[in-house]
Amino acid sequence: MGTDPSGRNGDIQDRSSREWCDEALTRLNAGRPESALEAARCAADLDPGAEWAYRLISLAHERLGRDADALAPAERAVELAPGSWPARVRLAAVLRRRPGRWRAAVEHAELARRFAPEQAGPEVLLGDLALLRGDHTRAEGLYRSALAVAPGDPQARTNLALALLRWERPRPHHDPAWPVDPRETGRARRALEVWSRQARLLVAVATVAVAAAALLLDRGTEARLGGFAVLALLVPLTVRQARRVGVWRYVPGMFGRDPWLGAGVVAAAASVPAFAAWLVLGTSAAVPRALDPVWAGLAGVLVLGWPALALVRGVAESWRGRPLPALEQAVLAGPDRVARRDAGVMLWIVLIRTWTVLVPLVGGALAVEPRAAVAALAVPYPVVRGCLRARYRDDVWLLVAAALVVPAAAACAAGGLLGSAWAWRAGLGALGAAVAVFAARAARAWWRGGPGPWRASLVMCDLPMGAEPSVALTAEVRQAISHARGVVLSYGDGLGPRAAGAAATVTSTGELRLIAGAEAWEAIAADPRVAVFAADPLQRRFWVEVRGVALADSGVLRVTPTRVLVGEYPGRHQRR
């Protein structure tokens, strides 16, 4: 006797194992993973050989954030049905989150694709694995292959948009294939970022303070001594953060995967000797006057280097990838919540690109030839096209900013053609107002902790994978295979389809065990997809065909069913 996970007391025997699996899947899709876990456990208790139940247990643990607990049931499902592509996908999805198991995850995903090339799930998972490693070209190809099989797959559509946009995951410094725990590289990245931030901030503030004290207060000597004290202060700060890095052998790889992290650390490391040289040039009386521009340039680099690098990064990030094709894929994903959120960020990226083109174009027209501003009319076209295609109304701030940028281009073009100062003022004012709207939207997102108008707000679509029902064999099918006088195994090789006689049994878990000739083993090693034919030996009324995936194990072929076909033999009147 047991308890019904729905909250009603009763005997779990009132439902079969597959009925409990159906209930677990329904609860999982409804966003109730805790209740789904209880239902899946009931299914496993009723039938310990039901690999579908173990897959659902693994899925429920994963949705509850218990990645460590999700591994054992996923491995158990593969043990019970080694030829099941959903079981391989489920295990691969779990292993990709385990340090040092990335290659195993890829191998299981590849096996799933080999077992079921007609299914989109393995292709989508392989695309996710490539996208998480930053291999956008491979990810794009895999997602397109999945969409060729299932055009309406929302996960393939949404993540294809990210591949087209050259998206980087929140921790781009870490390669998932590394055997090191991502938390260790995360601590190292945090230490490097903190040190670079502290070094650049201290040097910039010290530069301004020393220059102000020397030029305004005539305290040059004391100010320079304070500058050297700042250099001494950087020593314990550097030692402290260096001890926190720990995984120094991965640091070069982290810089290669996250160039902006490397640029920040290099800029901070270069600012320290630059600050020292700036102090020496300002202290020594023997320095010729011809080096005054060098002294002033060093001060500018020390003070403005950090914001300049941030500006370059912002512009570079906005010009990475193809946002309009990505937006098209996000729109085709339908009403998916993640796709709609990503579509809004993509529209912001298109708007930022438009602004960064308009400003230098208008500025150049003002400086050289005002009538050249007419070219600004064509610049907002991608924004207009994207907003109309997406029909996006979820972000009022985006619509306001777009409503400012588009008329700004028209006003500047009118000012250049007509020579109207008011048109120029209106256009430039609208461009400035768009910046204010962006800043307000960003501040609002930062304050509320929500997604902002930047690439970091893009997220992958990560739907449950490996929940597909297993194929059950009825009692009639089991009887036909187990008692048939002759079982035919059909397989394919390089010359085409082949058939051979075999001896077959059916295990309690619904798996077929076959004994066949050596030529069948060689062909199945290349293509494991097979079909097993048998006829009812008792009533001689029907035949069965079990299609599945065969794998060699201890002298027998283990066949995991993927589809069962049953047909009746024609009667005498039908033969006529």
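The values are calculated or read from the model by the stated rules, or taken from the named source; none is laboratory data. As the structure is a prediction and not an experimental result, all values here were calculated from the model. Note that we place each Cβ from the backbone using ideal geometry, even for glycine, and neighbour counts take in every protein chain shown.
Tabulated data for the structure shown
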| item | result |
| --- | --- |
| Breaking point among (1) in contact with a helix residue (DSSP H, G or I) (Cβ under 6 Å, 6 or more places away or on another chain); (2) more than 30 Å from G321 (Cα to Cα); (3) of a type outside the set (A, V, I, L, M, F, W, C); (4) outside any loop (DSSP other than H, G, I, E, B), for G466 | (4) |
| Failed criterion for G186 (all others in (1) in a helix (DSSP H, G or I); (2) in contact with a Phe, Trp or Tyr (Cβ under 6 Å, 6 or more places away or on another chain); (3) closer than 25 Å to R320 by Cα hold) | (2) |
| Hits in the stretch 477-512 - residues which are surrounded by fewer than 17 Cβ atoms within 10 Å (Cβ to Cβ) and either assigned by TED's automatic domain parsing to the domain that holds S16 or basic (K, R) (or both) | R485, R498 |
| Single unsatisfied condition, Y392 versus (1) buried (at least 18 other Cβ atoms within 10 Å of the Cβ); (2) free of Cβ contacts under 8 Å to residues at least 40 places away in the same chain; (3) in a loop (DSSP other than H, G, I, E, B) | (2) |
| Residue under evaluation G452, criteria (1) touching a residue at least 24 places away in the same chain (Cβ under 8 Å); (2) closer than 18 Å to R337 by Cα, criterion not met | (1) |
| Residue satisfying condition, being closer than 30 Å to M346 by Cα and in contact (Cβ under 8 Å) with a residue 40 or more places away in the chain, within set V488, V471, V459 | V459 |
| Matching residues in the stretch 79-135 - criterion: being charged (D, E, K, R) and outside any helix (DSSP H, G or I) | R96, R97, R98, R101, E118, R133, D135 |
| Test: residue in the stretch 195-217 that is surrounded by 14 or more Cβ atoms within 10 Å (Cβ to Cβ), closer than 30 Å to A326 by Cα and not assigned by TED's automatic domain parsing to the domain that holds G134 | no |
| Residues (surrounded by fewer than 18 Cβ atoms within 10 Å (Cβ to Cβ) and modelled with pLDDT of 50 or more) located in the stretch 5-25 | D11, Q13, D14, S16, R18, E19, D22 |
| Flag for L428 being in contact (Cβ under 8 Å) with a residue 60 or more places away in the chain and more than 27 Å from E168 (Cα to Cα) | yes |
| Enumeration of residues in the stretch 47-69 that are out of contact with any Asp or Glu (no Cβ under 8 Å at 6 or more places or on another chain) and part of a loop (DSSP other than H, G, I, E, B) | D47, P48, G49, A50, G65, R66 |
| Options A177, A161, A139, A156; residue that is of a type in the set (G, A, S) and either part of a loop (DSSP other than H, G, I, E, B) or free of Cβ contacts under 8 Å to residues at least 12 places away in the same chain (or both) | A177 |
| Test: residue in the stretch 365-382 that is aromatic (F, W, Y), in a loop (DSSP other than H, G, I, E, B) and under 30 Å from A139 (Cα atoms) | no |
| Lone qualifier among G246, G220, G262, G226 - being assigned by TED's automatic domain parsing to the domain that holds G186, of a type outside the set (A, V, I, L, M, F, W, C), at pLDDT below 90 and under 23 Å from P176 (Cβ atoms) | G246 |
| The listed residue being in contact (Cβ under 8 Å) with a residue 12 or more places away in the chain, surrounded by fewer than 19 Cβ atoms within 10 Å (Cβ to Cβ) and basic (K, R), out of R114, R55 | R114 |
| Qualifying positions in the stretch 67-95 - of a type outside the set (A, V, I, L, M, F, W, C) and either in contact with a Leu (Cβ under 9 Å, 6 or more places away or on another chain) or surrounded by 24 or more Cβ atoms within 10 Å (Cβ to Cβ) (or both) | P73, E75, P82, G83, S84, P86, R88, R90 |
| Scope the stretch 471-495; condition within 15 Å of F533 (Cβ to Cβ) and not in a helix (DSSP H, G or I); matching residues | L473, A484, R485, G486, V487, V488, L489, S490, Y491, G492 |
| Number of the exception - A310 against (1) exposed (fewer than 15 other Cβ atoms within 10 Å of the Cβ); (2) within 24 Å of R441 (Cβ to Cβ); (3) over 28 Å from the mean Cα position of the chain (by Cα) | (3) |
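Residue-by-condition table, conditions (1) at pLDDT below 85; (2) of a type in the set (A, V, I, L, M, F, W, C); (3) more than 46 Å from the chain's Cα centre (by Cα):
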| residue | (1), (2), (3) |
| --- | --- |
| E511 | no, no, no |
| A526 | no, yes, no |
| V532 | no, yes, no |
| Q539 | yes, no, yes |
| V544 | no, yes, no |
| T560 | no, no, no |
| V564 | no, yes, no |
